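Participant: Below is a structure I'd like to ask you about.
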Amino acid sequence: MKIRPADQNDVDTMVRIIGHHATEGLMLPRSHGALYEALPRYIVADHDGEIVGCGSLEPYSSEVAEIYGVATAPDVSPRGTGTAIVKALIERARHENLSQVFALTLAPAFFQKMGFRIVEHKDLPMKVWRDCVSCPKFGNCDEIAMVLDLN
């Protein structure tokens, strides 16, 4: 499996993978337009020429970024695909000299295995006021906020 930057040819598959998990209520959907706009920040997992996962690193400041949009293709992703994507995003964050990454997730154990710790949503004010206020789950969010210090 190869982790590489996403390109325009990957967007349809990324929309399908994310959409599958969104219909199960596990993540928010992403439109083609939203993915094209964020494409430079996305990476994909490529297994024998097939896209089997994706994820992105969204900067919030010169020190902090969010790992988001992490999803793997159901039934075809090799074991460890999600971990490989998150580790690659953490390495990107380190390369960009960020001091912290965070994620909002319904799978806290997955992130805890990689050293993330649970925090309160209020500990991420930049996320809450920039994105959460327009989210359909705002005020009734079931996601768990998690942080990884990179220093």
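Participant: Can you put Thr105, Thr13 in order of Cβ neighbours within 10 angstrom, beginning with the fewest? Don't jump to the answer; show the numbers that get you there.
Facilitator: Numbers: Thr105 21, Thr13 17.
Taking fewest neighbouring Cβ atoms as first place, the list is Thr13, Thr105.
Participant: If you filter segment 3-81 for trypsin sites (Lys or Arg not before Pro), then keep DSSP loop positions with at most 14 other Cβ within 10 Å, what is left?
Facilitator: On the way: sites: Arg16, Arg30, Arg41, Arg79; in loops: Arg30, Arg79.
In loop regions of segment 3-81 (DSSP not H, G, I, E or B), the sparsely surrounded trypsin sites (Lys or Arg not before Pro) are Arg79.
Participant: With +1 on each Lys and Arg Cβ and -1 on each Asp and Glu Cβ, and nothing else charged, work out how big the dipole of the chain is about its Cα centre, in Debye to the nearest 20. Walk me through the intermediate numbers first.
Facilitator: On the way: 15 positive and 20 negative charges, 51 e Å.
So the dipole magnitude of the chain works out to roughly 240 debye.
Participant: Okay, next question. To make sure I understand, if each residue's beta carbon is the centre and we count other beta carbons within 10 Å, what order do Tyr36, Tyr68 fall in, fewest to most?
Facilitator: On the way: Tyr36 11, Tyr68 23.
Lowest to highest Cβ neighbour count: Tyr36, Tyr68.
Participant: Tilt of helix 81-95 relative to the longest C-alpha principal axis of the chain, in degrees (0 to 90, nearest 10)?
Facilitator: So the helix axis and the longest Cα principal axis differ by about 60 degrees.
Participant: Which one, (i) 12, 47, 36, 6, 0; (ii) 11, 43, 39, 7, 0; (iii) 11, 39, 31, 17, 2, gives P(r) over Cα pairs in 10 Å bins from 0, in percent as derived from the coordinates shown?
Facilitator: From the options (i) 12, 47, 36, 6, 0; (ii) 11, 43, 39, 7, 0; (iii) 11, 39, 31, 17, 2, the structure gives (ii).
Participant: Another question, then. Please identify, among Ala45, Ala65, Ala109, the residue showing maximal mean-square fluctuation in a Gaussian network model of the chain using a 10 angstrom Cα cutoff.
Facilitator: Ala109
Participant: Most fluctuating residue of Glu63, Glu91, Glu24 in a GNM of the chain with Cα springs under 10 Å: which is it?
Facilitator: Glu24
Participant: Nearest 5 percent is fine: what portion of the DSSP beta bridges confined to segment 2-149 is antiparallel?
Facilitator: On the way: 25 of 28 bridges.
Percentage antiparallel, nearest 5: 90.
Participant: Further, regarding this structure: If the elastic network links every pair of Cα atoms under 10 Å, which of Met114, Met14, Met27 fluctuates the most in the Gaussian network model of the chain?
Facilitator: Met114
Participant: Using the 10 angstrom Cβ neighbour count as an exposure proxy, how do Ser77, Ser99 rank, fewest first? If you can, show how the numbers build up before the last one.
Facilitator: Details: Ser77 21, Ser99 14.
Lowest count first: Ser99, Ser77.
Values in this text are rule-based calculations from the coordinates and carry no lab data. Small disclaimer: the values here were computed from a predicted structure and weren't measured. All Cβ positions, glycine included, derive from the backbone under ideal geometry; neighbour counts span all protein chains shown.
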